[in-house]
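Every read-out reported here was derived from the displayed coordinates using simple, explicitly stated rules and does not represent laboratory data. All of these numbers come straight from a predicted model, not from anything done at the bench. Cβ coordinates were reconstructed from backbone atoms using ideal geometry, including for glycine residues, and neighbour counts include every protein chain displayed.
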Amino acid sequence: MILPVIVYPSPVLRQKSVAVSTGRLKSDSFQTMLGYLLDTATHHRAAGLAAIQVGVAERVLLALNTTSGKYVACINPEVLGLGGEPACLQEGCLSFPNMTANVYRNPEAMVRWTGMDGELVERTVTGFEAQIFQHELKHLFGKLLIDELPKQYRADFLARFHSLQRKAR
Ligand SMILES: [Zn+2]
């Protein structure tokens, strides 16, 4: 089932997501929610999607594995460290439809998460995958793309975004 993606400025996007317990992870309702999240990300061909973007305030994100072309479900993900020289990259977000912004991201991220079967995974991701993790992780803390933009650039970004939203109505 494809769920509606919550769009800025909904206050839902500012909520902090809570950790998923082992009991919750194994529950049918959680597995069903993961399935819906996957359907939604696939439908939008998203590079990543955080559960909070469909209104679920749990520490869950999907990140595209660029090698397999499949989504990896990451439960209780953490960035353990960032590496390399940050570079200014173009980035989009389903919560800001049809917009992109340039933000600084590290080319390497050491990440840890719990997989769908409850196994602990630790990996160093690079390039686009590192960018995806850095973006999606921020959602779990209620942070958004615009928070990383310098003041003037952010004002300009939001003006263009609101103008697009008005046209879409
Ligand atoms: Zn996003």
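Observations, loosely collected:
- Low-density loop cleavage sites - GluC sites (Glu not before Pro) in segment 98-162, where at most 11 other Cβ are within 10 Å (DSSP): Glu119
- Modelled FRET efficiency - R0 30 Å, Glu119 with Val12, Cβ distances, 0.05 increments: 0.50
- Full extension of the chain between Arg112 and Thr67 gives 14.4 nm of extra length, using 0.36 nm per residue less the Cα-Cα distance.
- Bridge orientation summary for the chain: considering DSSP beta bridges with both residues in this region, about 95 percent are antiparallel.
- Of Ile132, Ile146, the sequence from fewest to most neighbouring Cβ atoms within 10 angstrom is Ile146, Ile132.
- Within the same chain, lysines fewer than 8 places from Lys138 are excluded, and of the rest, those with a Cα less than 28 Å from its Cα are Lys16, Lys26, Lys70, Lys151.
- Summary value for the chain: 22 percent relative contact order, contacts being C-alpha pairs under 8 angstrom separated by 6+ residues.
- Bridgeable aspartates and glutamates around Lys167 (alpha carbons under 12 Å apart, same-chain partners fewer than 8 residues away excluded) are absent.
- Taken over segment 11-168, the ratio of Cα radius of gyration to 2.2 N^0.38 Å equals 1.03.
- Every helix of 4 or more DSSP H residues in the chain counts as -39500 (n - 2.57), and over all residues that averages to -10000 deg cm²/dmol at 222 nm.
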